[in-house]
Amino acid sequence: MIALVAGGPFVELLSGRTVEWSAFPTVRGSGSQLLMVALIEIALAIAWELSLRGWIVERVRELSSAPPILAVLVGAIAEALLVPGDVAARIGAALFGAGLGWMYIASRGALAPICARLAFVLGAVVLEALQLIG
């Protein structure tokens with residue numbers, strides 16, 4: 001909520017453009033759409049984390065004796081390349097991916113980054129459904 005109140009205007013001021021919060025407008029006023037979008041986002045979060053962290057990060061860790069930061073960076077770069085959008089969206093995705101990569105390395109599994117991604121995305125869906133963003 002702090003990001004919505006304080007972060008939005010700050011980012012708008014620095015970037016000179018409006019922040020687009022609305023990613024799931026279809027869930028507004030429809031419980032069935034909310035449930036459907038939530039189920040799709042759950043499946044996507046699991047798929048993203050199993051592919052980016054569970055497969056790519058693990059392959060980099062297996063193939064090299066380099067420090068774990070290399071695996072985290074490769075996973076973050078892969079996420080940035082896969083996310084549609086402009087440079088700002090890709091940088092944000094890379095930073096988010098790096099954080100999730102560190103969670104993966106620290107927890108030695110995909111459950112923590114899956115839960116973090118779910119909290120982020122489902123939070124956005126719920127905020128959209130409650131018409132707090134958009």
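The values are calculated or read from the model by the stated rules, or taken from the named source; none is laboratory data. The model shown is predicted, which means the values in this text are computed figures rather than measured ones. Every residue, glycine as well, gets a Cβ built from its backbone with ideal geometry; the counts of neighbours run over all protein chains shown.
Going through G123, G109, G85 one at a time, which residue ends up being under 17 Å from A43 (Cα atoms) and modelled with pLDDT under 90? Give the derivation first.
Numbers: G109 fails: under 17 Å from A43 (Cα atoms); G85 fails: under 17 Å from A43 (Cα atoms).
Result: G123 is the single residue among G123, G109, G85 that is under 17 Å from A43 (Cα atoms) and modelled with pLDDT under 90.
Take I91 and decide whether it is of a type in the set (V, I, T), modelled with pLDDT of 90 or more and over 17 Å from A124 (Cβ atoms).
Working: of a type in the set (V, I, T): yes; modelled with pLDDT of 90 or more: yes; over 17 Å from A124 (Cβ atoms): yes.
So I91 fits the description; yes.
Within region 66-114, track down each residue that is in contact (Cβ under 8 Å) with a residue 40 or more places away in the chain, assigned to a helix (DSSP H, G or I) and among the aliphatic types (A, V, I, L, M).
If the condition is that a residue be in contact (Cβ under 8 Å) with a residue 40 or more places away in the chain, assigned to a helix (DSSP H, G or I) and among the aliphatic types (A, V, I, L, M), then A88, L100, I105, I114 are the ones that fit.
Tell me which residues, restricted to region 45-81, are among the small types (G, A, S) and touching a helix residue (DSSP H, G or I) at 6+ places or on another chain (Cβ under 7 Å). Reasoning before the result, please.
Here is the first cut: in region 45-81, the residues among the small types (G, A, S) are 45, 47, 51, 54, 64-66, 71, 75-76, 78, 80.
Passing the criteria: A45, S64, A71, G75, A76, A78, A80.
Look through region 58-82, keep the residues that are acidic (D, E) and modelled with pLDDT under 90, and return whichever of them is farthest from V126 (Cα to Cα). Break it down into steps so the answer makes sense when it comes.
So in region 58-82, the residues acidic (D, E) come out as 58, 62, 79.
Now narrow it down to the ones that are modelled with pLDDT under 90: 58, 62.
Details: E58: 32, E62: 38 Å.
So, considering only residues that are acidic (D, E) and modelled with pLDDT under 90, the one farthest from V126 (Cα to Cα) is E62.
Looking at A80, A88 in this structure, which one is more than 15 Å from Y104 (Cα to Cα) and loosely packed, with under 13 Cβ neighbours inside 10 Å?
Values: A80 fails: loosely packed, with under 13 Cβ neighbours inside 10 Å.
Answer to the selection: A88.
Being of a type in the set (S, T, N, Q) and at pLDDT below 85 is the filter; apply it to region 1-57 and report the residue that is surrounded by the most Cβ atoms within 10 Å (Cβ to Cβ).
Within region 1-57, the subset of a type in the set (S, T, N, Q) is 15, 18, 22, 26, 30, 32-33, 51.
Those still in the list that are at pLDDT below 85 too: 15, 18, 22, 26, 30, 32-33.
On the way: S15: 10, T18: 9, S22: 13, T26: 14, S30: 12, S32: 8, Q33: 16.
By that ranking, first place goes to Q33.
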